[in-house]
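S.K.: Sharing a structure with you now.
The values are calculated or read from the model by the stated rules, or taken from the named source; none is laboratory data. Everything quoted here is computed from the prediction, not taken from an experiment. FYI the Cβ positions are ideal-geometry reconstructions off the backbone, even for glycines, and counts take in every protein chain you see.
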Amino acid sequence: MEGHARHTKIGKRFGVGIIGLGEGKGLVKGLESHPELQVVAVCDANPELLEKIRRVYDVPHAYSDLAEMVRRQDIDIIAIYTPDQLHIEHITAAFQAGKHVICTKPLVNALGEAREVIRLTEQYPQTRLMVGQSSRFFGPMQHQRRAYESGKLGKLSFAEAHYVHDMRWFYGNRPWAREGGFDLLFACCSHPVDLVRWYLGDAEEVFAYADQSFVAKEAGFHGNDTFIINLKFAGGRIGRVLGFYGLEQPHQHRPWIEVALYGTAGTFIASYPQLQSLQKFTGEHERLETYFEDIYHYFQFEGINHHAGEFVNYLEYFARCLVGGKTALPDAGDGFKTIATLEAIRESIRSGRPANVEAL
Ligand SMILES: NC(=O)c1ccc[n+]([C@@H]2O[C@H](COP(=O)([O-])OP(=O)(O)OC[C@H]3O[C@@H](n4cnc5c(N)ncnc54)[C@H](O)[C@@H]3O)[C@@H](O)[C@H]2O)c1
């Protein structure tokens, strides 16, 4: 499918350097011909992939080493899409070079690394970091957020999010998922945990069960890939997350990612990858709302396996916040809270007991 990204006004030109051209090529593609966000350089350790992306998207500069790319004066923002275990190293290099950072999820792989990110933001106060939580920036989730912020849902009583997927392709194609430090809980449940936190605030306590599916066993994957997570938030609300990555018979009925908000005045259920949401408000009929016109923005190439539309949405939002002097969310503090919640979930799975979430 040819690219049809929608580009919105920023108010200033920014140079962007992108490292990690697996998922990161979605952003290169999405920013093609952007009037204000120019991909000045790309970086990848794989020379064939690097050359291919540079050539196909006509990127001016290509590097195999981030240390060289961050020296460029014409780069303002570094976008990081390297394996989870390398995020902290690459965030540090970008901060030390004075570049703003967008880092894909999970921000980092452990709570100790999240503390290090906070330390960096204190050491380099002029440098901004935003977490690339793509699911927040998918159309139905954006519509859901607007409905929530407009007060249409009333007060939230409960929220749940799930992320269910067939991960066989992942085990076979991502050698780093079999290396030390990788945890599928962080890699994948960072989506639904962040989404529930976005609405219910700071999680204080979690209780989780985990299991390993037949898919993971057959793939020789070392860790858990099935998670049921209960969360208790400051202020007393409770929420729930399901993460299941051993799906063997995919179906059309339930979305891969779903966020269900139950409020006093409205229920709003947003989906991914379906461009639709289910809504029911006080005094109105239940309705299925579709956003099919957005298909060329979100699914620009390679079917629905890339996130070019969400990446463009969040980079434009980040750049506009930089121009307006506003904090782009999720920022480092918000990212810390998601990582702290995931770390508590890991601890609860290990101990078989509820675990407290470390406060920022
Ligand atoms: N929805 C989303 O936002 C989303 C979706 C998928 C993956 N991701 C995240 O994106 C990241 C990358 O995942 P992926 O699926 O693209 O993996 P991938 O293995 O396809 O891509 C990673 C790329 O990084 C390159 N790389 C590795 N080490 C490097 C180094 N030191 N310097 C330069 N390049 C280096 C590799 O050569 C590879 O091309 C992960 O953190 C993953 O969790 C996010």
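S.K.: So, of the residues in the range 46-62 that are in contact (Cβ under 8 Å) with a residue 24 or more places away in the chain and either within 11 Å of the ligand (Cβ to nearest atom) or under 22 Å from ARG115 (Cα atoms) (or both), which turns out to be surrounded by the most Cβ atoms within 10 Å (Cβ to Cβ)?
M.R.: ILE53
S.K.: Within the range 224-257, how many residues are assigned to a loop (DSSP other than H, G, I, E, B) and out of contact with any Leu (no Cβ under 6 Å at 6 or more places or on another chain)?
M.R.: Residues in the range 224-257 being assigned to a loop (DSSP other than H, G, I, E, B) and out of contact with any Leu (no Cβ under 6 Å at 6 or more places or on another chain): 15 in total.
S.K.: Being of a type in the set (Asp, Glu), in a helix (DSSP H, G or I) and at pLDDT below 95 is true for just one of GLU293, GLU302. Which residue is that?
M.R.: Only one candidate passes the filter, namely GLU293.
S.K.: Would it be correct to say that VAL193 is assigned by TED's automatic domain parsing to the domain that holds THR338 and modelled with pLDDT under 95?
M.R.: Judged against the criteria, VAL193 is not a match.
S.K.: Okay, next question. Mind checking which residues of the range 255-304 are touching a residue at least 24 places away in the same chain (Cβ under 8 Å), out of contact with any helix residue (DSSP H, G or I) (no Cβ under 9 Å at 6 or more places or on another chain) and surrounded by 12 or more Cβ atoms within 10 Å (Cβ to Cβ)?
M.R.: TRP256, ALA260, TYR262, ALA265, THR267, listed by residue number.
S.K.: A further question follows. What about GLU160, is it closer than 19 Å to THR338 by Cα and either part of a loop (DSSP other than H, G, I, E, B) or in contact with a Gly (Cβ under 9 Å, 6 or more places away or on another chain) (or both)?
M.R.: The answer is yes for GLU160.
Okay, residues lined up against (1) buried (at least 23 other Cβ atoms within 10 Å of the Cβ); (2) not acidic (Asp, Glu):
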| residue | (1), (2) |
| --- | --- |
| ALA110 | no, yes |
| ILE118 | no, yes |
| GLU122 | no, no |
| PRO125 | no, yes |
| ARG128 | no, yes |
| GLN133 | yes, yes |
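S.K.: On the given criteria, is VAL40 within 22 Å of ILE10 (Cα to Cα), buried (at least 21 other Cβ atoms within 10 Å of the Cβ) and not assigned by TED's automatic domain parsing to the domain that holds ALA319?
M.R.: no
S.K.: Here is a further query. Which ones in the range 197-218 are assigned to a helix (DSSP H, G or I) and crowded, with 18+ Cβ neighbours inside 10 Å?
M.R.: ARG197, TRP198, TYR199, LEU200, VAL215, ALA216
S.K.: Another question, then. Only one of GLY20, GLY24, GLY15 is within 23 Å of ARG71 (Cβ to Cβ), under 23 Å from the mean Cα position of the chain (by Cα) and more than 16 Å from the ligand (Cβ to nearest atom); which?
M.R.: GLY15
S.K.: A further question on this structure: Looking for something in contact (Cβ under 8 Å) with a residue 12 or more places away in the chain, within 30 Å of GLU122 (Cα to Cα), crowded, with 19+ Cβ neighbours inside 10 Å and hydroxyl-bearing (Ser, Thr, Tyr) - is there at least one such residue anywhere in the range 307-316?
M.R.: yes
S.K.: Something else about it: So which residues in the range 5-30 are assigned to a loop (DSSP other than H, G, I, E, B) and surrounded by 15 or more Cβ atoms within 10 Å (Cβ to Cβ)?
M.R.: ALA5, HIS7, ILE10, GLY20, LEU21, GLY22, GLU23, GLY24
S.K.: Pairs under 7 Å by beta carbon, first residue assigned by TED's automatic domain parsing to the domain that holds GLY22 in the range 68-82, partner within 12 Å of the ligand (Cβ to nearest atom) and assigned to a loop (DSSP other than H, G, I, E, B), six or more apart or different chains?
M.R.: Final answer for the pair search is ILE78/VAL70; ALA79/GLY24; ILE80/GLY20; TYR81/GLY20; TYR81/GLY22; TYR81/GLU23; TYR81/GLY24; THR82/GLY20.
S.K.: While we're here: Report, by residue number, each residue of the range 190-204 that is more than 16 Å from the ligand (Cβ to nearest atom) and more than 10 Å from LYS337 (Cβ to Cβ).
M.R.: Scanning the range 190-204 gives VAL196, TYR199, LEU200, GLU204.
S.K.: Looking only at the range 122-155, filter to residues that are touching a strand residue (DSSP E or B) at 6+ places or on another chain (Cβ under 8 Å) and closer than 21 Å to GLN85 by Cβ; which one of those is farthest from the ligand (Cβ to nearest atom)?
M.R.: Once the filter is applied, the top-ranked residue is LEU129.
S.K.: Further, regarding this structure: Take the conditions over 30 Å from ILE345 (Cβ atoms), within 24 Å of the chain's Cα centre (by Cα) and buried (at least 19 other Cβ atoms within 10 Å of the Cβ) and apply them to VAL70. Does it pass?
M.R.: yes
S.K.: I'd like the residue in the range 170-189 that is assigned to a loop (DSSP other than H, G, I, E, B) and near the ligand (Cβ under 10 Å from one of its atoms) and, out of all such residues, is nearest to LEU247 (Cα to Cα).
M.R.: Here the residue is ARG174.
S.K.: Considering (1) farther than 26 Å from TRP169 by Cβ; (2) buried (at least 20 other Cβ atoms within 10 Å of the Cβ); (3) within 15 Å of the ligand (Cβ to nearest atom), say which one ASP65 fails and leave the rest.
M.R.: Condition not satisfied by ASP65: (2).
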